[in-house]
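Chemist: Sharing a structure, written as structure tokens. Questions coming.
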Amino acid sequence: MAITIDREHTALLAMDFENDIINENGAFQAIGFAKMVQQTDVLGKTARVLDAARSAGVTVIYVAAHFRPGHPEIPSDTSAGLFQTILQSNALVDETWGVEIDSAVAPKNGEVVVIKRGSSAFTGSDLASLLNAVVLEPYC
């Protein structure tokens, strides 16, 4: 069954492609994300999807996790494993190599990058507003 997509009112979200998360030299290397990314060709597959979306006129929006130095957004007594890893490895700090999006899937031509300061791409960001403008606004 074929799916029809209204390209003008569709957005593709590319999320969490920061060096600290997916690069073999990133802060999360011990978790094994980089190995999985490499073994399953995540970057190559994602690059092809991004190229296809752009060619089709679909809006591409990136979401990346960034934290201020010292990670004030994360409670120091957190029990969440992911946040413990971020704190212990000093990962995903603003304006460092670790928060740069891998060049294989990097934004092009002024594509928007939404910064999230936690695990949710919506909480505390402008993602909902951007999606409303791209996806819903023309229908209002």
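The values are calculated or read from the model by the stated rules, or taken from the named source; none is laboratory data. In this text the structure is predicted, and so the values were computed from the model without any measurement. Glycine also receives a Cβ, built like all others from the backbone with ideal geometry; neighbour counts cover every protein chain displayed.
Chemist: With Glu73, Glu95 as the choices, which residue is outside any helix (DSSP H, G or I), among the charged types (D, E, K, R) and surrounded by 11 or more Cβ atoms within 10 Å (Cβ to Cβ)?
Modeler: Glu73
Chemist: Among the numbered conditions (1) more than 24 Å from Ile86 (Cα to Cα); (2) hydroxyl-bearing (Ser, Thr, Tyr); (3) in contact with a Phe, Trp or Tyr (Cβ under 9 Å, 6 or more places away or on another chain), tell me where Tyr62 comes up short.
Modeler: Against the list (1) more than 24 Å from Ile86 (Cα to Cα); (2) hydroxyl-bearing (Ser, Thr, Tyr); (3) in contact with a Phe, Trp or Tyr (Cβ under 9 Å, 6 or more places away or on another chain), Tyr62 comes up short only on (1).
Chemist: When the residues of the range 98-140 are filtered to those that are of a type in the set (A, V, I, L, M, F, W, C) and in a loop (DSSP other than H, G, I, E, B), which remaining residue is nearest to Ser55 (Cα to Cα)?
Modeler: Going through the qualifying residues, I end up with Ala106.
Chemist: Of the conditions (1) exposed (fewer than 15 other Cβ atoms within 10 Å of the Cβ); (2) modelled with pLDDT of 95 or more; (3) of a type in the set (S, T, N, Q), Ser79 satisfies every one except a single condition; which number is it?
Modeler: (2)
Chemist: Does Ala104 qualify as being in contact with a Leu (Cβ under 6 Å, 6 or more places away or on another chain) and surrounded by fewer than 15 Cβ atoms within 10 Å (Cβ to Cβ)?
Modeler: Spelling it out, Ala104 is indeed in contact with a Leu (Cβ under 6 Å, 6 or more places away or on another chain) and surrounded by fewer than 15 Cβ atoms within 10 Å (Cβ to Cβ).
Chemist: Can you report the number of residues in the range 112-135 which are in contact (Cβ under 8 Å) with a residue 60 or more places away in the chain and farther than 25 Å from Ala91 by Cβ?
Modeler: So the answer is 4.
Chemist: Which number in (1) outside any helix (DSSP H, G or I); (2) under 17 Å from the mean Cα position of the chain (by Cα); (3) exposed (fewer than 15 other Cβ atoms within 10 Å of the Cβ) marks the one condition that Leu12 misses?
Modeler: Failed condition: (3).
Chemist: Answer yes or no as to whether Lys35 is assigned to a helix (DSSP H, G or I), modelled with pLDDT under 95 and surrounded by fewer than 17 Cβ atoms within 10 Å (Cβ to Cβ).
Modeler: For Lys35, the condition - assigned to a helix (DSSP H, G or I), modelled with pLDDT under 95 and surrounded by fewer than 17 Cβ atoms within 10 Å (Cβ to Cβ) - is met.
Chemist: Further question: For residues that are in a helix (DSSP H, G or I) and under 17 Å from the mean Cα position of the chain (by Cα), tally how many sit in the range 15-32.
Modeler: The total comes to 4.
Chemist: If you scan the range 99-133, which residues turn out to be within 19 Å of Val37 (Cα to Cα) and touching a Phe, Trp or Tyr at 6+ places or on another chain (Cβ under 9 Å)?
Modeler: Val99, Ile101, Asp102, Ala104, Val105, Ala106, Pro107
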